[in-house]
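What follows is one structure encoded as structure tokens, with my remarks underneath.
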Amino acid sequence: MRLQALSATVASVPITLFGLALVTFLIGRVVPIDPVLAIVGDRAPMEVVERTRLELGLDQPLYIQFWKYLGQIVSGDLGRSVMTSNPVTQDIARFFPATLELATVAIIVAVLVGVPLGVWAATRQGSWIDQGVRLFCLAGHSLPVFVLGLLSLLLFYATLEIAPGPGRQGVYFEGMIDERTGILTLDTLLAGDIPAFRDALWHLAQPAGVLAFFSLAYIARMTRAFMLAELKSEYVTTARAKGLSRGRIVWGHAFRNIAVPLVTVLAMTYAGLLEGAVLTETIFAWPGLGQYLTVSLLNADMNAVLGATLVVGLIYVALNLLADLLYRLLDPRVR
């Protein structure tokens, strides 16, 4: 039965990917942007427009267009960007590492702060500590991320002048480091350039901090809810009656049980960071996938928009599947 459930989960992935491809295709056909005019320009002669439309196959029925689009996706061809004149896959490979770096640092900070904060609040339910954590989570989860970003720039960069400006690196260090992985902090370490590493880390601090604050509020809130439910369980009461220490009860027993649902929360939060960094990257001029998607949309570059959207969807599906597999691995009841 458990094997059947796992097989059903894995089998649902192709169906999900097919639905994702269908949705992105329909988005490209529904939006009021003519991909032909985006390529040739709105002042091109009508014969050029019609010839381009025929070359792209846009005169054919939608089901034929979708079948060709599906074949291109399977072969790894997401089309060519009008804005950069490069294959979309090449652009995504160039911009995605910056988003990966930003989201990974943010989720690490959010987990290291949010999980202990949620546990701490749950073990002191009703106290001023618990009320303070709940207020902190409410503020972090309610404020829009673009407001947090603008406030951060206003306070730390413009007013206090203790943080660098927008961008991924200072002007002095631009072009000095060979991009081996595309993750700048790692590339600077591989190059052995400590000043460049500090500069990259310093530029990373503000946008990663904004995303981390937004995420850790949700993680802390969910951790607190999970922990409160576990602390009311009968085995916790029995453990207290046996004289076990609070630390052993909380971290040795209760936390092990909430680790299972918490894995799903963390995986989905990480996926949200990878796709939700659009506004943060725009505010901090961070050259990642979010900024690439925004600029492409403003320039009516639909191949780039659909390609980036498809990649984000693939990330969501992959992390969701990973969370499900980890859930089954950590919880012996569903193995």
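The values are calculated or read from the model by the stated rules, or taken from the named source; none is laboratory data. As the structure is a prediction and not an experimental result, all values here were calculated from the model. Ideal geometry is used to build each Cβ from the backbone, glycine not excepted, and the neighbour counts take in all protein chains shown. These accessible areas exclude ligands, DNA and RNA; they are computed on the full protein's heavy atoms, side chains included. Shrake-Rupley method; radii C 1.70, N 1.55, O 1.52, S 1.80 Å.
Normalised size of the stretch 96-334, defined as Cα radius of gyration per 2.2 N^0.38 Å with N residues, equals 1.16.
Between the amide H of Arg80 and those of Val88, distances stay under 5 Å, these residues lying 5 or more places away or on another chain, with hydrogens modeled in the peptide plane. Normalising the average separation of contacting C-alpha pairs (under 8 angstrom, six or more residues apart) by the number of residues puts the relative contact order of the chain at 27 percent. 3J(HN,Hα) along the stretch 84-99, derived from phi through the Karplus expression 6.51 cos²θ - 1.76 cosθ + 1.60 where θ = phi - 60°, amounts to 9, 6, 9, x, 4, 4, 5, 5, 5, 4, 7, 8, 5, x, 5, 5 Hz, with x in place of Gly and Pro.
Roughly to the nearest percent, how much of the accessible area of the chain is carbon and sulfur, given a 1.4 Å probe? Please report the intermediate quantities before stating the final value.
Numbers: 12020 of 18200 Å².
C and S atoms contribute 66 percent here.
Between Gly243, Gly41, Gly307, the GNM of the chain built on Cα springs shorter than 10 angstrom shows Gly243 fluctuating the most.
Add +1 for every Lys or Arg and -1 for every Asp or Glu among the other residues with Cβ under 14 Å from the Cβ of Val48, and state the total. Could you put the intermediate results ahead of the total?
On the way: positive: Arg43, Arg51, Arg53; negative: Asp34, Asp42, Glu47, Glu50, Glu55.
Once positives and negatives cancel, what remains is -2.
Computed over the chain with a Gaussian network model linking Cα atoms closer than 10 Å, the most mobile of Asp301, Asp199, Asp42 is Asp42.
Averaged per residue, the chain has 54 square angstrom of accessible surface, using a 1.4 angstrom probe with ligands and nucleic acids left out.
Could you give the size of the charge dipole of the chain about its Cα centre, using +1 on the Cβ of each K and R and -1 on the Cβ of each D and E, expressed in debye and rounded to the nearest 20? Don't skip to the end; give the middle numbers.
Values: 24 positive and 24 negative charges, 393 e Å.
Roughly 1880 debye, rounded to the nearest 20.
Taking Cα centre as origin and charging only the Cβ of basic (Lys, Arg, +1) and acidic (Asp, Glu, -1) residues, the dipole magnitude of the stretch 178-262 rounds to 900 debye.
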